[in-house]
Amino acid sequence: MPEAVGVGLVGFGTIGTGVVKVLLRNAEVIEQRLGFPLRLLRIADLDTETDRGVDLGNVRFDSDADGLIEDPEIGIVIELIGGYGVARDLTLRSIERGKHVVTANKALLAVHGREIFDAARKQGVDVAFEASVGGGIPILRSMREGLSANRIQSLHGIVNGTTNYVLTEMEETGEAFEPVLKRAQDLGYAEADPSFDVDGIDAAHKLTLLAAMAFGAELAFEDIPTEGIRGLTPLDFEAAEEFGYRIKMLAIAKLREDEGRERIEARVHPTMIPSKDLLARVDGAMNAVAVTGDAVGPTLFYGAGAGEMPTASAVVADVMEVAREIHRGSAGRVAPLSYVPDALQQKPMVPLGELVARCYLALSVRDQPGVLGEIASILGEHQVSIESMIQKARDHAAGAVPIVVLTHPAPEAAVRSALARVDALPAVVAPTRLIRIEEEL
Ligand code: HSE
């Protein structure tokens, strides 16, 4: 039988604990599938006191991450410490020492991916990161392998479980954002500092990786237009239902070809989607990614996007794949982002202003004659055509009435110019909320 592959784990938190459980609990099936065993040899974490509830047997556990990456018995380092700083340093030093790296760290790869993948290529080692997008869903492997014959046309992902949980709860209970977020934190769905999730940063990190996989496009994460869910109100969910939509936080990327020029449309924002669409039925903390390829047509991947065991499932699958490559002698030759490095390019992005979409607008106005007419005139002057305009019940406390407007498809630049004028009207008491509508998923 081929030799066992030695594995070291840095970061023994929730996901790390899941990884240890899967490696120990499923050792037999893992060996049956690989034809050789994986040996978890060492774990490093600054916290060596907390009882993780797993029997580590002979596995060495201490705080010596440096010793772990120097250990000649270890072929694969699993990085689960998260963040950009220490994780980057540890990953690059592991690669320098000739170790293969498995990580769940999307923030690290979205920001420092080029540096890390280049270093790995020079050293002839693998960097695997299935767990970084969609938790337990094998979406990256599916794009790299199962869909690799396609020109990918579009992808729409619910890739952040925290925001999907909050949106589902707001819709079901009619409550405002803050109490629902608080409940999500109490239940452990949302972090104490929820900004990466609710402001869309986590989803934008994941979209950076998905866009590279889908289109060979190197997008700078900070160039992706990103809006979070903090501004949504119960009225938006009520109106969405009346119009036949649900609100989902989507990461969207599309290949746009205009007059032979290839550009990438990428954005992260709360989106109204038809309630009959399969993505609209993805509730709670679940994730789903819809990918359309020119040959395969529409596909949909669904599953748990976070959590100890689903994420561990993806991490250990990566460890198995890398271990297989080590035994085949082909490690370091798999294109991690699904395109060979020379084919990965910085492709131009479509500016948001060029986006043509139907829009939902939520205005807050003083209840006085002529206001609706003024708003309709301004929208008309900017060629934004109104499909529906509804005045909701008067909000006495605010001394204002909510008006919701559904537009026909219009360029975002035109809608924004019109809204700048609308919001400057004396009768408009708060900035208008705009939610983009996505009909074709
Ligand atoms: N914070 C992420 C989410 C999980 O809420 O989906 C890790 O990617």
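The values are calculated or read from the model by the stated rules, or taken from the named source; none is laboratory data. Small disclaimer: the values here were computed from a predicted structure and weren't measured. With ideal geometry, Cβ positions are generated from the backbone for all residues, glycine too; neighbour counts draw on all protein chains shown.
Checked against the criterion of being within 30 Å of Gly260 (Cα to Cα), of a type in the set (Gly, Ala, Ser) and within 32 Å of the chain's Cα centre (by Cα), the candidates Gly332, Gly353 yield just one match: Gly353.
One residue stands out in segment 85-127 among those that are assigned to a strand (DSSP E or B) and within 16 Å of the ligand (Cβ to nearest atom): the one that is farthest from Ala331 (Cα to Cα), namely Thr103.
Every residue, every condition in (1) buried (at least 21 other Cβ atoms within 10 Å of the Cβ); (2) outside any helix (DSSP H, G or I), yes or no:
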site	(1), (2)
Gly16	yes, no
Val20	yes, no
Glu28	no, no
Gln32	no, no
Phe36	no, yes
Arg39	no, yes
Asp47	no, yes
Thr50	no, yes
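Scanning segment 128-138 for residues that are away from the ligand (no atom under 15 Å from the Cβ) and touching a Pro at 6+ places or on another chain (Cβ under 6 Å) yields a total of 0.
Residue-by-condition table, conditions (1) crowded, with 18+ Cβ neighbours inside 10 Å; (2) acidic (Asp, Glu):
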| residue | (1), (2) |
| --- | --- |
| Ala131 | yes, no |
| Gly136 | yes, no |
| Ala149 | no, no |
| Glu175 | no, yes |
| Pro194 | yes, no |
| Thr208 | yes, no |
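The sole residue among Arg183, Arg151, Arg141 that is away from the ligand (no atom under 12 Å from the Cβ) and within 17 Å of the chain's Cα centre (by Cα) is Arg141. In segment 289-307, which residue that is buried (at least 21 other Cβ atoms within 10 Å of the Cβ) and either within 12 Å of the ligand (Cβ to nearest atom) or at pLDDT below 95 (or both) is nearest to Leu209 (Cα to Cα)? Checked segment 289-307; the qualifying residue nearest to Leu209 (Cα to Cα) is Gly305.
Number of residues in segment 402-430 that are under 27 Å from Ile273 (Cβ atoms) and either part of a strand (DSSP E or B) or at pLDDT below 95 (or both) equals 9. Answer yes or no: is there a residue in segment 44-64 that is of a type in the set (A, V, I, L, M), within 16 Å of the ligand (Cβ to nearest atom) and within 28 Å of His205 (Cβ to Cβ). Checked against the condition, which is being of a type in the set (A, V, I, L, M), within 16 Å of the ligand (Cβ to nearest atom) and within 28 Å of His205 (Cβ to Cβ), segment 44-64 yields no hits at all. Scanning segment 217-236 for residues that are buried (at least 20 other Cβ atoms within 10 Å of the Cβ) and more than 16 Å from the ligand (Cβ to nearest atom) yields Ala217, Leu219, Ile224, Leu232, Asp236. The residue pairs whose first member lies in segment 99-111 and is farther than 19 Å from Asp66 by Cβ and assigned by TED's automatic domain parsing to the domain that holds Ile81, whose second member is within 15 Å of the ligand (Cβ to nearest atom) and of a type in the set (Lys, Arg), and whose beta carbons are closer than 7 Å, counting only pairs six or more residues apart or on different chains, are Lys106/Lys206. Can you name every one of the helices (runs of 4 or more DSSP H) wholly within segment 146-250 that holds 2 or more residues which are within 24 Å of Leu108 (Cα to Cα) and either in the same structural domain as Gly83 (by TED's automatic domain parsing) or not hydrophobic (A, V, I, L, M, F, W, C) (or both)? In segment 146-250, the matching helices (runs of 4 or more DSSP H) lie at 161-173, 195-198, 201-215. Within segment 216-252, the set of residues being among the polar types (S, T, N, Q) and either more than 27 Å from Pro179 (Cα to Cα) or out of contact with any Phe, Trp or Tyr (no Cβ under 8 Å at 6 or more places or on another chain) (or both) comprises just one member, Thr226.
Yes or no, residue by residue, for (1) at pLDDT 95 or above; (2) away from the ligand (no atom under 12 Å from the Cβ):
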| residue | (1), (2) |
| --- | --- |
| His156 | yes, yes |
| Val159 | yes, no |
| Thr163 | yes, no |
| Gly174 | yes, yes |
| Glu178 | yes, yes |
| Gly188 | no, no |
| Glu191 | no, no |
| Ser195 | no, no |
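Highlighted here are the strands (runs of 3 or more DSSP E) found entirely within segment 255-348 that include at least 1 residues which are in contact (Cβ under 8 Å) with a residue 12 or more places away in the chain and in contact with a Lys or Arg (Cβ under 8 Å, 6 or more places away or on another chain): 261-274, 286-293.
In the set (1) more than 12 Å from the ligand (Cβ to nearest atom); (2) buried (at least 20 other Cβ atoms within 10 Å of the Cβ), Asp202 fails one condition alone, (1). Here Ile78 meets each of (1) in a helix (DSSP H, G or I); (2) touching a helix residue (DSSP H, G or I) at 6+ places or on another chain (Cβ under 8 Å) with one exception, condition (1).
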